[in-house]
Amino acid sequence: MRLLRCPSCGFPAWLESLDCRACGAPMMLATATLTMVAAPGAVDDGGHALVACVNRGWGCNWSLRADSPAASCFSCRLTRRRPEADDTVALERLAETGKAKRRLLVGLADLGLPVEPYWHVDGGLAFDLLSSQSGQGPVVIGHAGGVITIDLAESLDALREQLRVRLGEPYRTMLGHFRHEVGHYYQWQLVERPAGRLLDECRAVFGDERASYADALARHYATGAPAGWETGFISEYATMHPWEDFAETFAHYQHIIDTLGTVAHGGLRIDASALLGTRTQDIVPRTSYADAPMAVALEDWQWVSYELNRANRAMGKGDLYPFSIPVAVGRKLDLVHRIVTASAVPVPFIGD
Ligand SMILES: [Zn+2]
Ligand SMILES: [Zn+2]
Ligand SMILES: [Zn+2]
């Protein structure tokens, strides 16, 4: 994640910022340049007039071209189904969930992964963001044919934490859900649909995705992850089926590359003297690993995550990254890295 700045005074802004914390100036994200511009109207570097998303009152700080026939931004328009207009409780959850969705999209842009929206192509990306607490039945988180379904109720901390504990997961966030589900989408788009060499590699590394999913699901919930899973998988859930292994690995790939990029943009580096004598060179995280092998990112991540875990523990919290990456998972991440970099466009881009 790049370092964003107030267009008025230059003070650092959050990706979610509606107003500057220093000078109070209202701002919005220009998606073509991934920079903050003045809200509710501005002209971007390309000379295009921009206006604020119609959902700004619900916390969306993105903009869109003033000459667009749409009223809402690219992120909001990707939401194909949402709660009813009178379901204000669910709409509040939609607003909260929108933050994670927008962060997902910026992360994908930074990776150079194009998002083809569902209104452009059959099987393009869409989101059904519905609440299991709206009284219309359960909402099952998942991906099918380009449509990612998310249960908005999980943006309630108490509910999500309850599920996390019950399922024995070390980490459960809305952003994590989005990054996992988009992993299914990209495996389908970049690996299965082209059905080329990468599909053979995927089957060799993750297993054959044609194995029965229903059988895998039943087995997983009956017997749990196999003993010794930690040496081959990033999580217990990843053991269930090759599709879930890929999606879990793809989510971690985004966690790792985005967090490394974030601290790199912030200027963080770790002095070699702090590295327990294991290295003579400082750890200098990169804003992009597109031109580096995954091993370089994993070496940086080993130390950066260690320091961030120490910082979290200093605050009385659990590890920021409560996972370890065995050699076999490193190989899976390497394949994901090669899939992503082979498909990446050179300039970060968010649709409009
Ligand atoms: Zn400011
Ligand atoms: Zn919006
Ligand atoms: Zn999944």
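Here are some notes:
Per-residue answers, yes or no, for (1) touching an Asp or Glu at 6+ places or on another chain (Cβ under 6 Å); (2) free of Cβ contacts under 8 Å to residues at least 60 places away in the same chain:
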{"residue": "Arg166", "(1), (2)": "no, yes"}
{"residue": "Leu175", "(1), (2)": "no, no"}
{"residue": "His180", "(1), (2)": "no, no"}
{"residue": "His184", "(1), (2)": "no, no"}
{"residue": "Phe206", "(1), (2)": "yes, no"}
{"residue": "Arg210", "(1), (2)": "no, yes"}
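- Residue in region 245-257 that is assigned to a helix (DSSP H, G or I), in contact with a Cys (Cβ under 9 Å, 6 or more places away or on another chain) and in the same structural domain as Ala109 (by TED's automatic domain parsing) present: yes
- Condition check for Asp334: in the same structural domain as Arg103 (by TED's automatic domain parsing), without any contact (Cβ under 8 Å) to a residue 60 or more places away in the chain and assigned to a helix (DSSP H, G or I): yes
- Residues that are over 28 Å from Ile339 (Cα atoms) and open to solvent by less than 70 Å² (accessible area, probe 1.4 Å), drawn from region 269-291: Ile270, Ala272, Ala274, Leu275, Arg279, Asp282
- Residue match in region 34-54 (condition: within 16 Å of ligand 2 (Cβ to nearest atom), within 30 Å of Ile256 (Cβ to Cβ) and either in the same structural domain as Gly183 (by TED's automatic domain parsing) or of a type in the set (Gly, Ala, Ser) (or both)): no
- Cβ-Cβ under 9 Å pairs, at least 6 apart or on other chains, region 7-35 side at positive phi, far side outside any loop (DSSP other than H, G, I, E, B): Leu34/Leu4; Leu34/Val106; Leu34/Ala109; Leu34/Asp110
The values are calculated or read from the model by the stated rules, or taken from the named source; none is laboratory data. Values in this document were obtained by computation on a predicted structure and should not be read as measured data. Cβ atoms come from the backbone with ideal geometry, glycine included; neighbour counts cover every protein chain shown. Each accessible area value is taken on the protein alone, full model and side chains, heavy atoms only, with ligands, DNA and RNA left out. Shrake-Rupley method; radii C 1.70, N 1.55, O 1.52, S 1.80 Å.
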